[in-house]
Each structure stands twice: as C-alpha cells, then as structure tokens.
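The values are calculated or read from the model by the stated rules, or taken from the named source; none is laboratory data. Just so it is clear, the model here is predicted, and its values are computed rather than measured. Positions of Cβ are backbone-derived with ideal geometry, glycine not excepted, and every protein chain shown enters the neighbour counts. Side chains are part of the model used for accessible areas, which takes the heavy atoms of the whole protein and leaves out ligands, DNA and RNA. Shrake-Rupley method; radii C 1.70, N 1.55, O 1.52, S 1.80 Å.
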Amino acid sequence: MKAWSRPDVPRVSPDPRRPRVHDTATGELVEVGPADGPARLYVCGITPYDATHLGHANTYVAFDLLVRTWRDAGLEVTYTQNVTDVDDPLLERAEATGVDWVELAEDQTQLFRTDMEALRVIPPDHYVGAVESVPLVTELIQRLVPTGLVYQVDDPEHPDWYFACSAAPGAGEVSHLDREAALAIFGERGGDPERPGKRDALDCLVWRLERDGEPSWDSPLGKGRPGWHIECTAIALEHLGPAFDVQGGGSDLVFPHHEMSASQGRAATGQAFARAYVHGGMVGYQGEKMSKSKGNLVLVSKLRAAGVDPMAIRLVLLDHHYRSDWEYTDADLERATERLAAWRSIANNPTAFPANETVQAIRDALRDDLDAPAALAAVDTWVAASAAVETDETESVTEVLTLVDALLGVRV
Ligand code: 5CA
Ligand code: ZN
C-alpha cells in the first residue's frame, strides 16, 4: 500500500561512524549497519482500529532517529513497515461500532499517514498490509511444513494451523523469558495458552480457518486468515531478506511477537531473522500504559487539531530517551513549546555561537543509543550561548539548524 509523503531531509556531509543501539536479545549495546549495501530495518506498524496516540508516535519517531542516523553515516536504508489490517482487535472494534472493517482500517491508516507526515517521519520504502500479503503468509507456512514445526490443531471443527515455537531452533533467543513468565504474558498479548488440541501451550496461531462472519481468503491451507506473528515474519523476509539489521517496535512486542517472528524466520531460512532487536519504552497516561484497548489516549491528530505545532509534539517525544518508560503530562508540551520558541528565535538571529562543538555533540549523542535528550540539551546550550554573543555567525546558525532538521527531524 502507499506510505506517506517523504519530508525533505537536508543532505549534510556524512560522518561515517555507525550508531550503537541496545539489542534486547543480547542485552548489550551493539553497532548496527552493514559494512556495505543498505541498512535494512523492519518496524512493526499499527493495527488500524483507532487513531495514532503518543505511544505509537514515540515508537515511530525513535526508529526515525535510527533511519536518520544511518543516513548521516552515509548509508542507504531499506525500511519496511507493516499494517495489521486484519486481526481480532480490528474486527472486534468494527463489529462493536457497526463499521465495515475494511473501511475502519483504511480510515485509521490514512489518519496515521497524516500524523506521520506532520511529525516529519521518513516513510518506509515498503509499507505493506497483512491483507495484501496473504499469499506470502500461506507460502511461508507451507515452506515451514517440512520442518515439522507447523501443524493443525486437534480440533475437528476448526483444525487451525499452529507454529511450535518452543520446539523451534533458537527458541527464547529474543526475550529469554522463563516458561512461567512467558505463559503469563502470552495470554495477555493476544495468545491462546488455553486452546485445547495444541501440542504446547505456547504454540502460536499462524492460519485461522474460516469462522462465520469473519473475513477469509482461499489458500492451500484451507480458507482462512493470517495469524499475527507470521504476518510480520513473511513481510520482513519478502521485503528485506533474512538477517536484516534491526527489528524494531515498542517493548510490548518483545514477547510473544518478536520472539515468535524470530523463531519462524530462523526455522524458515536457517539464518537469524534479524541481527538486532531494538525496543522503545512505553508511554503512559494517567497512571497506565497508553493503549487503544484502555482508551487513555492522547491522540496526535487531536493535539494537531487543537493547534499544537507538530514540531512541539516531536520535541515532547525526543525529550525522553527512546528506551525509557514515561508518562505524558501537559507540562511536557509546555516545555517543548518553550524550547521550540527559543530555537526559533535563533533562526532569525544573525549572531550565534560557533557550530562545531554542537554539531559534534548532536552526532555523538545519536550514535550513542539514539540519545535524543542529550542532543536536545546540546542545542539548548548552543541557543543560550548564541543569545549572549554579538559576533556575526550566520553560517553557524544554518549549520546547526540544518543538522537539527536532518538528524532530529525538527524543522525550526
Ligand atoms: N500491529 C502490531 C505490530 S505488528 C501492533 O502492535 N500494533 S499497535 O497499533 O498496537 O502498536 C503499534 C506500535 O506502537 C508497536 O510498535 C507498539 O509496540 C507501539 N506502541 C503501542 N502502544 C504504545 C505505548 N503506549 N507506548 C509506546 N509504544 C507503543
Ligand atoms: Zn509486527
């Protein structure tokens, strides 16, 4: 499907150092980006049954920093993102509100595109829906049949297809959860540990056979629809190939989603699914994780409609390290709005402090686990110093603000 339009990103002369980011699978900071060829990134996209909230935006802005830092290192980037445009929560919301599920998905995906554009997020090269990927999913499941890891559940009425993840090579390599913890989380995050007829409680659904009133597609596996994890596995393998550089998403996806995709990918190709698994923290609001299912949402589109400058929204997000969990309050927005105004005042100021140290500090900060708060602090220091000098340094203003645009995605 079509993504959204690309913000224009100023070209600056590259600094070839690769960024280091935190890899959940090893628990270490690792350098990411290939020696040659494009850097390959997959980020899990939205399930489009409600509007983009600050938690989603936080995740996509975090990986936008990675894309921008790779570009700053002179690398090409191939970026793939999915849209889970058929899945239980979407179908349930459509049913509850009496809206056609296709229309709901299209409308919410379109709203997401406009939010991403406003936030100056660089779009993926491949923006791919689950529905359009049904043939990829069924081919991948068929490819897995000879491994003995996919099977039909022992249920004569609905013999759905499952993947035996605990039995797969490399099981647990992303989350390292013990079985008890895995079982508890699996049930909370879309899994069905209690389903009778499975070989193991942690096995995950890959192809759900047709039920009355549910959408379904013809396939050699029987008429049905894709399970969630296999959707991302199939899309990533098709558009990036195995052992791509970074699999990304929020930390709520570590288990089971990224664990299952990693197992399926390894089982299908004999290679690692991704080289690193990178996760953003959870944004909360009013004491809980912001989530569509709880309804405690601060929507990007609502803030925009209320006249909030999207660059201030972006600064709210950048002011928290991508890996930290934090809770949004109105004070975040006030701080970001003041900061944007201070930065803007320098844009129109012919005098400024020299740029070199600040340019270096921004680049260093992003290469050090995408430390946007440190980059913002470096810009603040430069802005304050610039306000106090009288030398004519118009070039410095351009140099710093161009880098702020290219690397932080904030157009002053
Ligand atoms: N479609 C699946 C991924 S394949 C999905 O999780 N969709 S989602 O709409 O629920 O979430 C989209 C992205 O936003 C995911 O990367 C998720 O980890 C992230 N996300 C969801 N809620 C939050 C939150 N409160 N804070 C930070 N990130 C969040
Ligand atoms: Zn995903």
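In this structure, residue 406 does not satisfy being under 23 Å from residue 309 (Cβ atoms), in contact (Cβ under 8 Å) with a residue 12 or more places away in the chain and open to solvent by 40 Å² or more (accessible area, probe 1.4 Å). Somewhere in segment 52-66, is a residue surrounded by fewer than 20 Cβ atoms within 10 Å (Cβ to Cβ) and assigned by TED's automatic domain parsing to the domain that holds residue 206? No, the conditions are met nowhere in segment 52-66.
Among the residues of segment 294-314, the ones that are outside any loop (DSSP other than H, G, I, E, B), under 18 Å from residue 326 (Cβ atoms) and not assigned by TED's automatic domain parsing to the domain that holds residue 325 come to 3 in all. From the list 17, 40, the one residue that fits, being at pLDDT 95 or above, in contact with a Leu (Cβ under 7 Å, 6 or more places away or on another chain) and open to solvent by 30 Å² or more (accessible area, probe 1.4 Å), is 40. Are any of the residues in segment 92-115 in contact with a strand residue (DSSP E or B) (Cβ under 7 Å, 6 or more places away or on another chain) and either under 30 Å from residue 267 (Cα atoms) or open to solvent by 10 Å² or more (accessible area, probe 1.4 Å) (or both)? No, that holds for no residue.
Scanning segment 57-89 for residues that are closer than 16 Å to residue 232 by Cα and within 13 Å of ligand 2 (Cβ to nearest atom) returns 80, 81, 82, 83, 84, 85, 87.
Taking first residues from segment 1-15 that are among the charged types (D, E, K, R) and partners that are crowded, with 16+ Cβ neighbours inside 10 Å, the Cβ contacts under 7 Å between residues at least 6 apart in sequence or on separate chains come to 2/127; 6/122; 6/123; 15/72; 15/73; 15/363. Once segment 123-141 is narrowed to residues that are within 23 Å of residue 52 (Cα to Cα) and either in contact with an Asp or Glu (Cβ under 6 Å, 6 or more places away or on another chain) or in the same structural domain as residue 315 (by TED's automatic domain parsing) (or both), the residue that is most open to solvent (accessible area, probe 1.4 Å) is 131.
Selection within segment 240-293: residues that are part of a helix (DSSP H, G or I), more than 13 Å from ligand 1 (Cβ to nearest atom) and without any contact (Cβ under 8 Å) to a residue 60 or more places away in the chain. The member of this set that is nearest to residue 20 (Cα to Cα) is 265. Taking segment 341-360 as the range and being surrounded by 17 or more Cβ atoms within 10 Å (Cβ to Cβ) and in a helix (DSSP H, G or I) as the test, the residues that pass are 343, 346, 358, 359.
Across segment 195-218, the number of residues qualifying as touching a helix residue (DSSP H, G or I) at 6+ places or on another chain (Cβ under 9 Å) and either among the small types (Gly, Ala, Ser) or at pLDDT below 95 (or both) comes to 2. Residue 115 - would you say it is under 19 Å from the mean Cα position of the chain (by Cα) and assigned to a helix (DSSP H, G or I)? It is true that residue 115 is under 19 Å from the mean Cα position of the chain (by Cα) and assigned to a helix (DSSP H, G or I).
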